[in-house]
């Protein structure tokens, strides 16, 4: 046997550089975007027996983010393949993608996408009430945008998904574009039979009035109350809102009976 080994152990290795850390933990960081610096340091130490500095952690986060977002950009170049596959596997569906040209670079880039599957169109026409609920929400991630959705109610009063779209922002133009597709796909001709429910989204009211002027447009009470309570945060007033809704429902039933709508 050789002499007893008394050298101290080092936990710093040149091989554990930014490129290695970013690539090795890219998937972990993609799935855990809120991981703290200290938690990541501890994870690296336990897994690799390597100590890294806080500065290395920050730079690793930046490097990994670039790698992740780069992959997102590459996926956008395959949007046409995705649309072709949807149409191939779902004949009769409406899949529409729009691009725009960047004024500075002159390159094409993704602008909007609308999807309504043929099975959903057929199911809605044959088994759902003539009404739509439309809403939008902001997309969180490397590339901003807004998701627009349309849902209905089936014969069991359960939510039935109809169509969705990804647009650049929420305004009258994007809502007009979305509602035009809905009008075409769902064959909304006898508009007086239809009801549309929404909150007060930007540009949505004017878009519905322009594209579907004959549709009865109602606003979601929950959203109205949330806006109301910002200025009047009172439990008493909250109870009054419930009473008003009850009276409105009873009045609606009376009017239906009066008109003979059973």
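The values are calculated or read from the model by the stated rules, or taken from the named source; none is laboratory data. Bear in mind that the values here come from a model prediction, so they are computed numbers and not experimental data. No Cβ is skipped: glycine too gets one built from the backbone with ideal geometry, and neighbour counts run over all protein chains shown.
Collect the residues in segment 176-214 that are in a loop (DSSP other than H, G, I, E, B) and touching a strand residue (DSSP E or B) at 6+ places or on another chain (Cβ under 8 Å), keeping them in residue-number order. 186, 194, 199, 200, 201, 212 - these are the residues of segment 176-214 that are in a loop (DSSP other than H, G, I, E, B) and touching a strand residue (DSSP E or B) at 6+ places or on another chain (Cβ under 8 Å). Could you go through segment 123-131 and let me know if any residue there is within 21 Å of the chain's Cα centre (by Cα) and either surrounded by fewer than 16 Cβ atoms within 10 Å (Cβ to Cβ) or under 29 Å from residue 217 (Cβ atoms) (or both). Checked segment 123-131: no residue is within 21 Å of the chain's Cα centre (by Cα) and either surrounded by fewer than 16 Cβ atoms within 10 Å (Cβ to Cβ) or under 29 Å from residue 217 (Cβ atoms) (or both). The condition of being assigned by TED's automatic domain parsing to the domain that holds residue 93 and closer than 30 Å to residue 31 by Cα holds for only one of 200, 193, 140, that being 140.
Out of 221, 167, which single residue is surrounded by 15 or more Cβ atoms within 10 Å (Cβ to Cβ) and at pLDDT 75 or above?
167
Just one of the numbered conditions (1) under 23 Å from residue 72 (Cβ atoms); (2) buried (at least 20 other Cβ atoms within 10 Å of the Cβ); (3) in contact with a helix residue (DSSP H, G or I) (Cβ under 6 Å, 6 or more places away or on another chain) is not true of residue 142: (2).
Among the residues of segment 49-70, is any surrounded by 15 or more Cβ atoms within 10 Å (Cβ to Cβ), more than 25 Å from the chain's Cα centre (by Cα) and free of Cβ contacts under 8 Å to residues at least 12 places away in the same chain? No, because not a single residue in segment 49-70 is surrounded by 15 or more Cβ atoms within 10 Å (Cβ to Cβ), more than 25 Å from the chain's Cα centre (by Cα) and free of Cβ contacts under 8 Å to residues at least 12 places away in the same chain.
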